[in-house]
1. For the range 140-218, which helices (runs of 4 or more DSSP H) that fit wholly inside it have 2 or more residues that are more than 21 Å from A18 (Cβ to Cβ) and hydrophobic (A, V, I, L, M, F, W, C)?
2. Condition test on Q76, is it touching a Lys or Arg at 6+ places or on another chain (Cβ under 9 Å) and over 20 Å from W184 (Cβ atoms)?
3. Would you check if there is a residue in the range 43-63 being touching a residue at least 12 places away in the same chain (Cβ under 8 Å), out of contact with any helix residue (DSSP H, G or I) (no Cβ under 8 Å at 6 or more places or on another chain), farther than 20 Å from F159 by Cα and among the acidic types (D, E)?
4. Going residue by residue through the range 189-204, is there one that turns out to be modelled with pLDDT under 90 and of a type in the set (D, E)?
5. Confirm whether F159 is crowded, with 18+ Cβ neighbours inside 10 Å, within 19 Å of L96 (Cα to Cα), modelled with pLDDT of 95 or more and outside the structural domain of V70 (by TED's automatic domain parsing).
6. Which pairs have Cβ atoms under 6 Å, sit 6 or more apart or on different chains, and link a residue in the range 196-218 that is farther than 17 Å from N28 by Cβ to one that is modelled with pLDDT under 85 and surrounded by 14 or more Cβ atoms within 10 Å (Cβ to Cβ)?
7. Out of curiosity, is F132 outside the structural domain of D68 (by TED's automatic domain parsing), in contact (Cβ under 8 Å) with a residue 40 or more places away in the chain, of a type outside the set (S, T, N, Q) and assigned to a helix (DSSP H, G or I)?
8. Could you grab the pairs with beta carbons closer than 7 Å, sequence gap of 6+ or different chains, first residue in the range 89-115 and in the same structural domain as Q134 (by TED's automatic domain parsing) and part of a helix (DSSP H, G or I), second one hydroxyl-bearing (S, T, Y) and surrounded by 20 or more Cβ atoms within 10 Å (Cβ to Cβ)?
Amino acid sequence: MNTPILYSFRRCPYAMRARLALKYAGVNVELREVDLNEPPEALIKISKNATVPVLHLPDGNVIDESWDIVQWAVRQNDPDLWLGENDQFLIESNMLLETNDYSFKQDLDRYKYADRYPEQPMEHYRQQGEEFLQELEDQLNQTDFLLSNAISIADIGIFPFIRQFAMVDQQWFDQAPYPKLRNWLNYFIDSDGSQPHLFLAVMKKYDIWKQGDSGIFL
């Protein structure tokens, strides 16, 4: 194996952030689209959780946390300084990602699948998630992006989850009191500026990978 292999699922926000970072960094990887209900044996062998994303490196090492994949990719090549000078954005990014990946992700799941959590109405879970939306809105009232006036890994790490939250009820989100957050979200959906349509490039549809299939490269 001479090329890293990325096991991915197109709509998974964790896999999305990994693909965004790898594409930005120009890392050539073989992309294997996975059916999460029937993960391939090749994935099960290298990751006990058999979930996505998983990056299998040519030296045999395996990275099976999406945020670790993002950081690994950007450390290979960071033309627009997503990590900032001397990694100045890393600590703040980690703090935001901790909120995003735990409390906000829980609110997002309950909002998106409210019928599975009948203890509270859908609006209740949305309101809980809005605490994080407001935090981001407040920051975007001060800077163009989440940590500064330039894109950082924090933006890439969080964007797929805000996109998913907005899509639960797009009509509500379009009129919600978060205009800066809407503009920020639309910016990444349409283009990231330095690399036009980065998002579209990593959202192409591919068939589910099966053993013996020819490689598809990101």
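The values are calculated or read from the model by the stated rules, or taken from the named source; none is laboratory data. Predicted, not measured: the structure shown is a model, and the values here were computed from it. Note: ideal-geometry Cβ built from the backbone for every residue, glycine included; neighbour counts use all protein chains shown.
1. The helices (runs of 4 or more DSSP H) meeting that bar are 170-175.
2. Values: touching a Lys or Arg at 6+ places or on another chain (Cβ under 9 Å): no; over 20 Å from W184 (Cβ atoms): yes.
When the stated conditions are applied, Q76 does not pass them.
3. Here is the first cut: in the range 43-63, the residues touching a residue at least 12 places away in the same chain (Cβ under 8 Å) are 43, 46-47, 49, 51-58, 62.
Next cut, out of contact with any helix residue (DSSP H, G or I) (no Cβ under 8 Å at 6 or more places or on another chain) only: 43, 46-47, 49, 51, 57-58.
Restricting the remaining residues to those that are farther than 20 Å from F159 by Cα gives 43, 46-47, 49, 51, 57-58.
Now restrict to residues that are among the acidic types (D, E): none.
No; the residues of the range 43-63 include none that is touching a residue at least 12 places away in the same chain (Cβ under 8 Å), out of contact with any helix residue (DSSP H, G or I) (no Cβ under 8 Å at 6 or more places or on another chain), farther than 20 Å from F159 by Cα and among the acidic types (D, E).
4. Within the range 189-204, one or more residues are modelled with pLDDT under 90 and of a type in the set (D, E).
5. The answer is yes for F159.
6. Close Cβ pairs satisfying both conditions: H197/S191.
7. Working: outside the structural domain of D68 (by TED's automatic domain parsing): yes; in contact (Cβ under 8 Å) with a residue 40 or more places away in the chain: no; of a type outside the set (S, T, N, Q): yes; assigned to a helix (DSSP H, G or I): yes.
It is false that F132 is outside the structural domain of D68 (by TED's automatic domain parsing), in contact (Cβ under 8 Å) with a residue 40 or more places away in the chain, of a type outside the set (S, T, N, Q) and assigned to a helix (DSSP H, G or I).
8. Qualifying pairs under 7 Å: S93/S152; D107/Y125; R110/Y125; Y111/Y125; A114/Y125.
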